Amino acid sequence: MRKFTSYPCATITVGELISELCGWPDHATVTFRCSLQQQAMRFGHIEGRSKVSIEIELDPASESASAIAA
């Protein structure tokens, strides 16, 4: 398993995201999780807010993060 880089700030650039994801195979599964609420999230949609800002919407998934980890 590959270890990921932690980004403590609220913002990650497209370049940082690409650098993180490019080391994973195309068939790797991505799971979004809210650690504060211990809840899994699912991808909603992505929207370009401007030429330098992208918004990614995540929605609560039907199962919790603790159920996924089990």
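The values are calculated or read from the model by the stated rules, or taken from the named source; none is laboratory data. Owing to the predicted nature of the structure, the values given are computational and were not obtained by experimental measurement. FYI the Cβ positions are ideal-geometry reconstructions off the backbone, even for glycines, and counts take in every protein chain you see.
Would you pick out the residues in the stretch 13-63 that are of a type in the set (Phe, Trp, Tyr) and either surrounded by fewer than 12 Cβ atoms within 10 Å (Cβ to Cβ) or in a loop (DSSP other than H, G, I, E, B) (or both)?
So in the stretch 13-63, the residues of a type in the set (Phe, Trp, Tyr) come out as 24, 32, 43.
Within the stretch 13-63, just 24 meets the criteria.
Return the only residue of 10, 67 being modelled with pLDDT under 85 and outside any loop (DSSP other than H, G, I, E, B). I'd like the intermediate steps shown before the answer.
Values: 10 fails: outside any loop (DSSP other than H, G, I, E, B).
Answer to the selection: 67.
Just checking, how many residues over the stretch 24-41 are without any contact (Cβ under 8 Å) to a residue 24 or more places away in the chain and under 9 Å from the mean Cα position of the chain (by Cα)?
So the count comes out to 2.
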